[in-house]
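Report on one structure; see the data block that follows.
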Amino acid sequence: MKLALLSLLFAATLGAQDLSFVIHDPTGQTADQPLGSTCSFPSVSVGDASQLVLRVTNTTNAPIQINTIYFASNTTVFAVTGTFQNFALSPSGANFEEFSVYFSPAAVGPISANLQIEYTTQAGTTQTETVPVSTFSGTGTPAQLTATYALGGNSSPLAVVTGVNFLNVSTSSTAVATISLVNDTGASLTVPVSIASTNILNPAIAFVTNAPAGGVVVPPNNADSPAQFTVTFAPGQTGLTTATLQIGTNSYPLVGTGVVVADIDALQISYVDSTGVRTSPQAASSISFGQPVEGTSAALTFTVTNPITSFNAVTLSTISVTGTGFTAMGLPNMPASIAPGTSISFIVTFAPSQSGTFTGSLSIGTRVFGLTGIGADLPIPTASLVFDTTNFTSQQQPHISVQFASPSTITAIGTLTMQFTSSVVNVQDDPAVKFLATSGRSLQVTVASGATSATYNGQSQLTFQTGTTAGTILFTLTFPDKQPITQQITIVPAPVQITQMTAVAQDPFLVVTMTGYDNTYSTGPMTFNFYDTTGKVIASNMAVNATSNFQQYFSTTSSGGAFSIQLSFPTSGGATSSVGSVSATMSNSVGTSTLTQANF
């Protein structure tokens, strides 16, 4: 048999087969199921919603970018949510993107809609295609719990797709939506409610009062007297704000835009804490001074800026602070005029005289912000970062935990961040280095009173990914009134790794596909050996130097050091059936790896 190298491919042709979709059970109780050309939701009560979690992977040998996923019709009943827009999928299923589809019927009866995806691939040239994914269907049944909202004198059904749009609201004003719940059954219902905001520290959309502990109690057949709660949009800054209202198992988007109505609305207000973190406050939520120990203080430096784009100077008649324990220092002479492109600064301190919760307010002209702080009895104990391994390599998912030297005497919230520094020349970052829980590099951890470890959503073991690029990952833990704690781990340069290899006989070719990663971005030389079904050598030491191909690939990919390559070897005389196994060896600047694939 004669073997010769035909081609080295880093791309694939476009088509629906480029992507693979599965239905995923987040609880892990059911294995992933392939998504068919049709998919049915279970019957859902009008006003309720049913969710399916989908995962999409790239089955080609070229990077693919998802541009958008959407329903082509009935978009008030069927919806898509997730962070899939402009998301890069690595070749050959090296990563996946997860998103959800919802069915929320507005009327009784069956209905369907077509799910479509638009994506772009690099197949020699950039190409974009829109293809159908699946036809989803469902049936609406009579409702048990009906939700409506009143805003600006108008009442509307509360829909999963549209939620509540507060529209444009002045940064000196508020808009309040009253949510009404009607129970059409003969038994009382207790419905949990919550709001999740993209701005964790200072959300612009919040409950007017705290969410009812244990949920909202909805009496039976209460159409004449709905159970109610209120949500406010009080922006402290201009621009779009989004949040999610959770009522029972249903999620509703909340949207509003802060706008300029009067000159004072244009003022940009921010504050900086002791660590140098700058935050823009929102009027819907209080500015937190943390938990200084009794007898100490916490200070925030505020800056009020009139943007250079403003037409007029803004005059503030007063800046004042109220509330026990809160004091303003370094105030300018009043009234203060702020010309376009200039700013003023001052400091607000919180010094608790005893333990407990303190509240106050900061007034900047007609704009008012709440203040809050907690006087702590004792500082939290000394914390440390603990890993479940000491041998860190690429493409790992280790765990990190926050441990304390002794039980904490208070409940405190801290922040754990990770920062990646690449050691590969001309490589700035690896997006696969992240916390799995947030798909980002920052999360908040909470230590409860009496606990010796911190948690995120109840989990003390926090999983992170090491990516596929050599470098260092710096973890930083911060708690109020504590010096930050840092811990660094190193992902050392390693030999290129072949994680999977398939060899397929497609007479008169042998097609070899390899998936792996190179955290040095320096691979290229490859050697192949072919054996017959008895183990006898057919062809040996076939050298392929793909250094330039890999250099071009790594210079454009957003998948770190992960790769997938495909090689086609033509044979003579229909001899593919006599090939029993193939071994491949790859080399980079650190070393080599070999993998053998048999029985194909």
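The values are calculated or read from the model by the stated rules, or taken from the named source; none is laboratory data. Not measured: the values here are computed from a predicted model. For neighbour counting, all protein chains shown are included, and Cβ atoms are generated from backbone atoms with ideal geometry for every residue, glycine included. Surface accessibility is based on the protein's heavy atoms, side chains included, excluding ligands, DNA and RNA. Shrake-Rupley method; radii C 1.70, N 1.55, O 1.52, S 1.80 Å.
Rundown of residues vs (1) out of contact with any helix residue (DSSP H, G or I) (no Cβ under 9 Å at 6 or more places or on another chain); (2) at pLDDT 90 or above; (3) not in a loop (DSSP other than H, G, I, E, B), yes/no style:
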position: Q428; (1), (2), (3): yes, no, no
position: A437; (1), (2), (3): yes, no, no
position: T446; (1), (2), (3): yes, yes, yes
position: T476; (1), (2), (3): yes, yes, yes
position: Q483; (1), (2), (3): yes, no, no
position: T486; (1), (2), (3): yes, yes, yes
position: T490; (1), (2), (3): yes, yes, yes
position: P493; (1), (2), (3): yes, yes, no
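Could you check Q419 against (1) in contact (Cβ under 8 Å) with a residue 40 or more places away in the chain; (2) surrounded by 17 or more Cβ atoms within 10 Å (Cβ to Cβ) and say which number it fails?
Against the list (1) in contact (Cβ under 8 Å) with a residue 40 or more places away in the chain; (2) surrounded by 17 or more Cβ atoms within 10 Å (Cβ to Cβ), Q419 comes up short only on (2).
Listed residues V169, V193, V161; which is closer than 28 Å to T238 by Cβ and either surrounded by fewer than 19 Cβ atoms within 10 Å (Cβ to Cβ) or modelled with pLDDT under 85 (or both)?
Criteria check complete, one pass: V161.
Considering V255, V293, V261, which residue is more than 25 Å from the chain's Cα centre (by Cα), more than 26 Å from P340 (Cβ to Cβ) and of a type outside the set (D, E)?
V293
So for the stretch 507-515 (the condition being modelled with pLDDT of 85 or more and of a type outside the set (A, V, I, L, M)), does at least one residue qualify?
Among the residues of the stretch 507-515, at least one is modelled with pLDDT of 85 or more and of a type outside the set (A, V, I, L, M), which makes the answer yes.
Find all pairs meeting these conditions: Cβ atoms under 6 angstrom apart; at least six residues apart or on different chains; first residue within the stretch 204-224 and more than 17 Å from P253 (Cα to Cα); second residue open to solvent by 60 Å² or more (accessible area, probe 1.4 Å) and of a type outside the set (V, I, T).
Pairs that qualify, where the first residue is more than 17 Å from P253 (Cα to Cα) and the partner is open to solvent by 60 Å² or more (accessible area, probe 1.4 Å) and of a type outside the set (V, I, T), are G215/P192; P219/S188; P220/G186; P220/S188.
Would you confirm, using the coordinates I've provided, whether T523 is surrounded by 15 or more Cβ atoms within 10 Å (Cβ to Cβ), closer than 20 Å to N95 by Cβ and at pLDDT below 85?
no
Pairs needed: first member in the stretch 539-560, without any contact (Cβ under 8 Å) to a residue 12 or more places away in the chain; second member anywhere, among the polar types (S, T, N, Q) and outside any loop (DSSP other than H, G, I, E, B); C-beta distance under 6 Å; at least 6 residues apart or different chains.
Pairs found: S540/N529.
Return only the number of the condition from (1) surrounded by fewer than 18 Cβ atoms within 10 Å (Cβ to Cβ); (2) at pLDDT 85 or above; (3) within 30 Å of F509 (Cβ to Cβ); (4) hydrophobic (A, V, I, L, M, F, W, C) that V56 does not satisfy.
(1)
Among the residues of the stretch 244-267, what is the count of those that are under 12 Å from S310 (Cβ atoms), open to solvent by 40 Å² or more (accessible area, probe 1.4 Å) and touching a residue at least 60 places away in the same chain (Cβ under 8 Å)?
2
Need the failing condition index for Y456 against (1) open to solvent by 40 Å² or more (accessible area, probe 1.4 Å); (2) among the hydroxyl-bearing types (S, T, Y); (3) touching an Asp or Glu at 6+ places or on another chain (Cβ under 8 Å), just the number.
Every listed condition holds for Y456 apart from (3).
If you check G153, G186, G215, which single one turns out to be under 29 Å from the mean Cα position of the chain (by Cα) and over 30 Å from V314 (Cα atoms)?
Result of the check over G153, G186, G215: G215.
Among the residues of the stretch 231-282 satisfying the criterion of being part of a loop (DSSP other than H, G, I, E, B) and of a type in the set (G, A, S), which is farthest from S104 (Cα to Cα)?
S274
When only residues in the stretch 454-472 that are more than 19 Å from the chain's Cα centre (by Cα) and in contact (Cβ under 8 Å) with a residue 60 or more places away in the chain count, which is nearest to P407 (Cα to Cα)?
Ranking the candidates gives A454 first.
Could we say that S345 is out of contact with any Pro (no Cβ under 9 Å at 6 or more places or on another chain) and surrounded by fewer than 19 Cβ atoms within 10 Å (Cβ to Cβ) here?
no
Looking at the stretch 89-103, I want the residues that are within 12 Å of L19 (Cβ to Cβ) and have a partner that is of a type in the set (D, E) and buried (at least 24 other Cβ atoms within 10 Å of the Cβ) with Cβ atoms under 9 Å, at least 6 apart or on another chain. Which pairs are those?
Once the first residue is within 12 Å of L19 (Cβ to Cβ) and sits in the stretch 89-103, no partner that is of a type in the set (D, E) and buried (at least 24 other Cβ atoms within 10 Å of the Cβ) comes close enough.
State all residues of the stretch 2-43 that are surrounded by 12 or more Cβ atoms within 10 Å (Cβ to Cβ), of a type in the set (A, V, I, L, M, F, W, C) and at pLDDT 85 or above; if no residue qualifies, say none.
L19, F21, V22, I23, L35, C39, F41
Where residues in the stretch 61-76 are β-branched (V, I, T) and open to solvent by less than 10 Å² (accessible area, probe 1.4 Å), which of them is nearest to G140 (Cα to Cα)?
Within the stretch 61-76, the match that is nearest to G140 (Cα to Cα) is I69.
Run down V544, V537 and say which single residue is open to solvent by less than 40 Å² (accessible area, probe 1.4 Å), out of contact with any Pro (no Cβ under 6 Å at 6 or more places or on another chain) and farther than 30 Å from D273 by Cα.
Going through V544, V537 in turn, just one is open to solvent by less than 40 Å² (accessible area, probe 1.4 Å), out of contact with any Pro (no Cβ under 6 Å at 6 or more places or on another chain) and farther than 30 Å from D273 by Cα: V544.
Considering only residues of the stretch 99-114 that are over 14 Å from V133 (Cβ atoms) and either surrounded by 15 or more Cβ atoms within 10 Å (Cβ to Cβ) or in contact with a Leu (Cβ under 6 Å, 6 or more places away or on another chain) (or both), which is modelled with the highest pLDDT?
The selected residue is I111.
Got a sec? Which of Q354, Q395, Q428 is open to solvent by 30 Å² or more (accessible area, probe 1.4 Å) and at positive phi?
Q395
Looking at (1) touching a residue at least 40 places away in the same chain (Cβ under 8 Å); (2) of a type in the set (S, T, Y); (3) within 20 Å of P480 (Cβ to Cβ), which one does T318 not meet, given that it meets all the others?
If we test T318 against (1) touching a residue at least 40 places away in the same chain (Cβ under 8 Å); (2) of a type in the set (S, T, Y); (3) within 20 Å of P480 (Cβ to Cβ), just (3) comes out false.
Does T469 satisfy the condition of being among the polar types (S, T, N, Q), open to solvent by less than 60 Å² (accessible area, probe 1.4 Å), more than 21 Å from S288 (Cα to Cα) and in a strand (DSSP E or B)?
no
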